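Visitor: Provided herewith is a single structure, encoded as structure tokens, for subsequent inquiry.
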Amino acid sequence: MAKLLLIQSRTKPGSIKREFNNFTRALGGLSKLDALSALDERLAWTYPDEILKDYDGVMFGGSSDFDLHGGRDEKDPARIMAAIILSRVRMIVRYALAEEKPLFGVCFGHQLIAEMHGGEVRKDEGQGKRGAHEVVVNKSGKSDPVFGSVAESFGAHYLHNDSVTMLPKGATLLASGASCRFSALRYGQKVYTVQFHPEIQCACLNGSPEASRVIHMWLDRVIAS
């Protein structure tokens with residue numbers, strides 16, 4: 001059984017527990033999940049090999065507390081903390097890419113990695129949204145090991161203010177939607193990020209289960225391969 005690490009960027013105990021439970025459920029008993037907080041300044045963030053040495057892969061969760069932009073003033077505490085989180089996880093992302101360690105980023109995690117690679121994360125009124133929205137897999141996605149194994153179009157749960165506003169360097173666009181230009185990206189061969197929340201059960205758009213299957217396919221086609 002694979003062992004995964006979830007990095008969380010939340011402050012409220014209830015939100016932390018709910019996110020962990022959502023990811024645990026989405027993994028469907030196919031892996032063991034541990035978690036740590038991106039807010040924990042005691043951790044050796046400059047030594048990603050030590051943090052990840054016992055894990056087969058790492059996941060970045062979302063955040064309802066912090067924004068890389070969010071339409072906030074540059075000195076807003078929530079924006080400052082987002083920048084601190086980015087500085088802490090940067091080495092983990094670089095390590096994952098260099099060592100081909102599987103990584104899966106969701107929502108805020110998607111934005112953190114995009115910002116690292118010039119994706120220009122901003123509060124975009126045309127893309128910010130919540131609730132059920134359609135995800136459409138493109139040509140590159142159809143030939144991808146993960147997204148090529150799910151439906152070409154499916155419903156997913158979104159909840160975000162910030163959005164990626166341009167394709168990050170080194171990223172391959174796998175899926176988008178009418179209200180989300182960059183729904184799913186891949187960096188290298190084993191780093192995937194999505195703006196939607198595949199860990200949240202979405203009884204939407206005909207009750208499509210495909211969003212959660214993205215995580216299962218990442219486990220099967222990336223970690224287990």
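Visitor: State yes or no: is Leu4 closer than 21 Å to Ala114 by Cβ, surrounded by 13 or more Cβ atoms within 10 Å (Cβ to Cβ) and hydrophobic (A, V, I, L, M, F, W, C)?
Guide: no
Visitor: Could you run through the range 88-109 and say how many residues are farther than 16 Å from Lys190 by Cβ, in a helix (DSSP H, G or I) and touching a residue at least 40 places away in the same chain (Cβ under 8 Å)?
Guide: 4
Visitor: Go through (1) within 18 Å of Leu174 (Cα to Cα); (2) surrounded by fewer than 17 Cβ atoms within 10 Å (Cβ to Cβ); (3) hydrophobic (A, V, I, L, M, F, W, C) for Ile80 and report which single condition fails.
Guide: Unmet for Ile80, out of (1) within 18 Å of Leu174 (Cα to Cα); (2) surrounded by fewer than 17 Cβ atoms within 10 Å (Cβ to Cβ); (3) hydrophobic (A, V, I, L, M, F, W, C): (1).
Visitor: Among the residues of the range 151-160, write down those that are touching a residue at least 60 places away in the same chain (Cβ under 8 Å) and buried (at least 24 other Cβ atoms within 10 Å of the Cβ).
Guide: His160
Visitor: While we're on this one: Looking at the range 94-123 only, could you name the residues that are farther than 12 Å from Val164 by Cβ and among the aliphatic types (A, V, I, L, M)?
Guide: Listed by number, the residues that qualify are Ala96, Leu97, Ala98, Leu103, Val106.
Visitor: Then there is this: In the range 147-170, how many residues are among the aliphatic types (A, V, I, L, M) and within 15 Å of Ala114 (Cβ to Cβ)?
Guide: From the range 147-170, those among the aliphatic types (A, V, I, L, M) are 150-151, 156, 159, 164, 166-167; that's our starting set.
Subset that is within 15 Å of Ala114 (Cβ to Cβ): 164, 166-167.
Residues meeting the conditions: 3.
Visitor: From the list Ser163, Ser179, which one is polar (S, T, N, Q), within 27 Å of Arg18 (Cα to Cα) and buried (at least 20 other Cβ atoms within 10 Å of the Cβ)?
Guide: Only one candidate qualifies: Ser163.
Visitor: Among the numbered criteria (1) within 16 Å of the chain's Cα centre (by Cα); (2) modelled with pLDDT under 95; (3) surrounded by fewer than 24 Cβ atoms within 10 Å (Cβ to Cβ), which single criterion is violated by Arg94?
Guide: Condition not satisfied by Arg94: (2).
Visitor: Among the residues of the range 14-47, count how many are out of contact with any helix residue (DSSP H, G or I) (no Cβ under 6 Å at 6 or more places or on another chain), surrounded by 16 or more Cβ atoms within 10 Å (Cβ to Cβ) and aliphatic (A, V, I, L, M).
Guide: Qualifying residue count, the range 14-47: 3.
Visitor: Additional query: Of the residues in the range 15-55, how many are over 25 Å from Ala78 (Cα atoms), in contact (Cβ under 8 Å) with a residue 40 or more places away in the chain and in contact with an Asp or Glu (Cβ under 9 Å, 6 or more places away or on another chain)?
Guide: 9
Visitor: How many residues, within the range 120-152, are of a type in the set (Gly, Ala, Ser), at pLDDT 90 or above and within 13 Å of Phe182 (Cβ to Cβ)?
Guide: 2
Visitor: Additional query: Do we find that His110 is touching a Leu at 6+ places or on another chain (Cβ under 9 Å), modelled with pLDDT under 95, of a type outside the set (Gly, Ala, Ser) and closer than 28 Å to Ser31 by Cβ in this structure?
Guide: When the stated conditions are applied, His110 does not pass them.
The values are calculated or read from the model by the stated rules, or taken from the named source; none is laboratory data. None of the values given here were measured: they were computed from a predicted structure. Positions of Cβ are generated from backbone atoms using ideal geometry, with glycine treated the same way; all protein chains shown enter the neighbour counts.
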